[in-house]
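Here's the structure, in structure tokens; my notes come after.
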Ligand SMILES: [Zn+2]
């Protein structure tokens, strides 16, 4: 069978727009050939506008989508991350496999509309609310797989090591019982998920894979992390961990270990290129240098970090150190990568009282690893390239973007969007991030299949109906 062939008037390749691009898809749904400057071949499917790679949402808790917009009222003197978390647990403890599928499917359609084609689920809902295991230990994991298939988005499932309420608490709180998973259970779930979707032929419907996660240094004992590392000795998929999101967590970690979380992980010699540090908000120069030396990446979640009042990370230092950066929707108050990149930059502008913080003028030396930020004066291009490469790695993909060997994912820009009319193409990425288009993606492809066509998702109506029913069951009519 000959390869399926697409042709785009322009495409984002190697960090820049290239004209007249032909893209060929192999039988596995990967790009087999991508070349610019090629007239449209006979029989090629002509795309309706310029194309960008889809991005990876590298950190999501899908169930928290059911809480978005419902935590914006002040109900006590202290309203911070920890009071938010107590209220969020009410949702965590009310979700069933059926409602999780409905919530996640709706979220995943929204993520596709937001320009994401792959999502990493940091998945710590394991048991029934009282801690009793389900008959099928993968009941909630498969609900997420079903949701990804319903929506047509790629999924990297990350079962989470989670076994205590804090450094000084050997057990979980009653409202955390359904999260419990030790090292052996996490390893087994990751393997079983991979085997289950392979046996069912599911991974051919939509790309599904599994990695590993550790909730945080506070929620997992050191010996359990050692055990998980031992089990995963030959595992080359991603390992994600929440770190240094909140100052209280830092204080507790220093009290218990003498070090802050990133410094402690680095001092154990555990970090390597598989690791993804989620948030890494409160870090010092030594921790950034240690992360860079280890090859680990960082996942920043600007809309959630803003919503929760986490604080600002030292983004210029992370960029200068050449650390891989990915973005995540985390609590899913934001479901659009353009919003995340915009807030990545705006947070720094507000903090530093400067503009275009995440770009470099022409001729700047670039970063140690030679990232595409080298002399990249366009802010959106600089952030987009980091999120593209870092996100692909965070999801466990060796290649990500419009290049041979990467998965055949793309976004077709709607050139008729009001925000883009009259702009030179060289500024389109800046306009997509900073000029607030309403509906920029006309078509979205995942692994060679159209998930969105002319702004429409084939199952959006039934998925939204199921989501509405799940919300009613969680929150009632009020
Ligand atoms: Zn998180």
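Values in this text are rule-based calculations from the coordinates and carry no lab data. Remember, predicted model here, so these are calculated numbers, not experimental data. Heads up, the Cβs are rebuilt from the backbone with ideal geometry, glycines too, and the neighbour counts pull from every protein chain shown.
Data for the structure
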quantity	calculated
Helix axis angle, 183-199 relative to the chain longest principal axis, alpha carbon, degrees	40
For region 413-478: relative contact order, % (alpha-carbon pairs under 8 angstrom, 6 or more apart)	22
Fraction of beta bridges assigned by DSSP in region 157-275 that are antiparallel (%, nearest 5)	20
Antiparallel %, DSSP beta bridges [both residues in the chain], to 5	45
Ranked list, fewest to most other Cβ atoms within 10 Å of each Cβ, for 450, 264	450, 264
Stretch gain in nm, segment residue 46-residue 425, where the contour uses 0.36 nm per residue and the Cα spacing is subtracted	134.6 nm
Sorted by Cβ density within 10 Å, fewest first, the residues 294, 331	294, 331
For region 387-408 and region 439-478, distance of Cα centres in Å	25
Angle in degrees between helix 460-475 and the longest Cα principal axis of the chain, rounded to the nearest 10	20
Contour minus Cα-Cα distance for residue 79 and residue 3 (0.36 nm per residue)	21.8 nm
Nitroxide proxy distance, nm - points 7 Å out along Cα→Cβ at residue 356 and residue 72	3.3
Length added when fully stretched, residue 191-residue 28, from 0.36 nm per residue minus Cα-Cα	56.5 nm
The chain: relative contact order in percent, alpha carbon pairs under 8 Å with at least 6 residues between	19
Hull shadow area, averaged, the chain [alpha-carbon convex hull, nm²]	22.8
Folded to 0 to 90 degrees: helix 222-231 orientation relative to the chain principal axis, Cα	50
Cα-based equivalent ellipsoid of region 160-282: semi-axis lengths in Å, sorted from largest, via gyration tensor	27, 16, 13
Nearest-0.05 FRET efficiency for residue 98 and residue 199, computed from C-beta distance (R0 25 Å)	0.65
Along principal axes, Cα extents of region 287-330, largest first, whole Å	31, 16, 13
For region 99-138, convex hull of alpha carbons as volume per residue, Å³	80
Stokes-Einstein D (µm²/s) once Rh is taken as the Kirkwood radius of region 337-459 over alpha-carbon pairs, at 20 °C in 1.002 mPa s	134
Within the chain, helix-based [θ] at 222 nm, where runs of 4 or more DSSP H residues each add -39,500 (n - 2.57), nearest 500	-11000 deg cm²/dmol
Whether region 273-354 is rounded, prolate or oblate, judged on the alpha carbon gyration tensor where a/c under 1.5 counts as rounded	oblate
Efficiency of FRET from Cβ geometry, residue 469 and residue 136, R₀ 22 Å, rounded to 0.05	0.45
Estimated distance in nm for a label pair at residue 418 and residue 233, the labels positioned 7 Å out from Cα along Cα-to-Cβ	6.2
Cβ-derived FRET efficiency at R0 22 Å, residue 35 paired with residue 399, nearest 0.05	0.85
Mean separation of Cα contacts under 8 Å (6+ apart) over length of region 156-227, as relative contact order %	48
Distance in nm between pseudo-label sites at residue 434 and residue 14 (7 Å out along the Cβ direction from Cα)	2.6
Cα gyration tensor category, rounded, prolate or oblate, for region 114-179 with a/c compared to 1.5	oblate
Anisotropy class of region 241-377 from Cα gyration tensor, a/c 1.5 cut	oblate
Semi-axes of the equivalent ellipsoid for region 35-128, Cα gyration tensor, largest first, Å	39, 16, 11
Cα coordinate range in region 89-200, projected on the principal axes (Å, largest first)	42, 31, 25
